[in-house]
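Single-structure report; data block below.
The values are calculated or read from the model by the stated rules, or taken from the named source; none is laboratory data. Being a predicted model, the structure only gives us computed values, none of them experimental. We place every Cβ from the backbone using ideal geometry, glycine too, and count neighbours over all the protein chains shown.
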Amino acid sequence: MRTGEGQRFMTDTEESASKHRLKQKDLIALLLTLFSEEYDKAQVDSITDILLPMGAIKTYLQRKVGISYTSDAWITTQVRKYEEEIGTTLFRKAVSEEGAALGLCQNITTYEQKRHLYISQKIRTANGVFDLIRNSVEKLSSGDTVSLLLEAGSTVTRVAEIIAQNLHLLPLKWDICTHNLGVIECLGKTSPAYRNVSISVPQGKFDPVTHLILSDRIELYLGRKFDWIIQGTSFLADGKLYVEKTDEARLKAKILSECKGKKVLVLTGHEATSHLPSPAEPFGAVSDYDYIVYPAMDSGSAAAKRMDREMAPFSDILPVMIRNWSYVIMARI
């Protein structure tokens with residue numbers, strides 16, 4: 001049978017090879033997980049400082065999914081195609097002592113980039129927040145409402161994802177206020193599981209860099225008392241909290257000081273730093289929160305040591321309430 005011009009069928013060999021290669025998004029997910037796992041153990045300031053030899057990456061893929069890659073080209077081509085698809089740079093090619101290597105882009109500024117980093121750390125933190133909420137609603141009756149202000153950042157978006165995945169476990173109504181479009185995308189769906197979710201959004205202007213609706217007007221938030229207010233930060237230094245953009249910092253400061261509800265700070269560990277943006281004005285401090293939730297980390301890692309230094313001054317007012325293999329929760333006495 002003849003085919004049209006330029007059309008061809010895969011040979012048996014090519015078809016077999018394609019079945020033994022990961023789908024593009026699965027490959028990227030595994031690569032990002034590997035970088036997160038390495039960060040947990042590494043003596044580095046940032047996950048973007050890590051370089052992984054291509055040989056180590058191929059060994060990891062073989063161990064995880066049983067697929068053997070003989071060439072670096074397939075992996076790097078899939079990385080490039082994924083970056084073209086999402087319209088931003090995530091990775092960088094490099095050379096290590098062991099030859100060709102892959103690192104993460106060192107110019108991370110946008111939400112789209114940030115949501116791909118510290119994957120396992122964000123998941124552990126989000127699970128900690130969800131467990132905190134779930135334990136607080138155990139005595140509520142079916143159909144009762146829990147109200148949340150889910151604020152900015154990709155870690156807060158992970159909290160929304162965990163809630164979305166567990167809606168069927170808690171027969172409650174969820175009253176969500178947010179200016180985070182990532183949260184809206186997670187919880188603003190139309191399938192039956194989402195019928196008990198209502199989302200309120202304040203007036204403002206969309207900022208594509210932060211993925212936020214930004215405004216100085218927060219009347220929507222001031223008009224109610226929330227069960228939980230969840231906030232993240234980009235930087236943590238000497239107990240003070242910072243983000244890159246001044247208008248976002250003003251909004252965060254207003255929410256922190258004026259909105260009513262139990263306030264939760266979510267961290268991944270990378271925020272603790274001595275390298276602050278310029279100019280740097282804090283929007284708040286660790287001591288302003290009722291709970292701090294962050295991932296459990298290898299005690300020997302640089303990230304764990306930095307977090308210990310940052311949290312130690314607050315141990316009297318925010319002692320550790322829960323410490324398990326996945327997350328740590330500090331709670332105000």
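Of note:
- The strands (runs of 3 or more DSSP E) falling completely within region 26-142 that include 1 or more residues that are over 19 Å from the mean Cα position of the chain (by Cα) and among the basic types (Lys, Arg) map to 91-96.
- Just one residue in the set Gln43, Gln62, Gln78, Gln24 is of a type in the set (S, T, N, Q) and within 28 Å of Ala272 (Cα to Cα); that residue is Gln43.
- Exactly one residue among Gly153, Gly223, Gly232, Gly204 is in the same structural domain as Lys122 (by TED's automatic domain parsing), among the small types (Gly, Ala, Ser) and farther than 26 Å from Gln113 by Cα, and that residue is Gly223.
- Residue in region 112-134 that is in contact (Cβ under 8 Å) with a residue 60 or more places away in the chain and over 23 Å from Ile292 (Cβ atoms) present: yes
- Test: residue in region 278-286 that is within 20 Å of the chain's Cα centre (by Cα) and modelled with pLDDT under 95: no
- The selection criterion, being among the hydrophobic types (A, V, I, L, M, F, W, C) and under 23 Å from the mean Cα position of the chain (by Cα), holds for Leu265.
- Checking Lys93 against (1) closer than 23 Å to Leu267 by Cα; (2) at pLDDT below 95; (3) not assigned by TED's automatic domain parsing to the domain that holds Phe206, the condition it does not meet: (1)
- Tallying residues that are of a type in the set (A, V, I, L, M) and surrounded by fewer than 15 Cβ atoms within 10 Å (Cβ to Cβ) within region 69-99 yields 4.
- Conditions (1) surrounded by 12 or more Cβ atoms within 10 Å (Cβ to Cβ); (2) over 18 Å from Leu117 (Cβ atoms): number failed by Leu52: (2)
- Scanning region 245-281 for residues that are hydroxyl-bearing (Ser, Thr, Tyr) and part of a loop (DSSP other than H, G, I, E, B), we see that the one that is nearest to Arg124 (Cα to Cα) is Thr268.
- Scanning region 170-200 for residues that are part of a loop (DSSP other than H, G, I, E, B) and in contact with a strand residue (DSSP E or B) (Cβ under 6 Å, 6 or more places away or on another chain) yields a count of 4.
- Residue list for region 55-75, restricted to those being within 30 Å of Glu271 (Cβ to Cβ) and touching a strand residue (DSSP E or B) at 6+ places or on another chain (Cβ under 7 Å): Ile57
- Residue match in region 211-232 (condition: aliphatic (A, V, I, L, M) and touching a Phe, Trp or Tyr at 6+ places or on another chain (Cβ under 7 Å)): yes
- One residue from Asp12, Asp49, Asp45, Asp40 being at pLDDT 90 or above and either out of contact with any Leu (no Cβ under 7 Å at 6 or more places or on another chain) or more than 17 Å from Ser120 (Cα to Cα) (or both): Asp49
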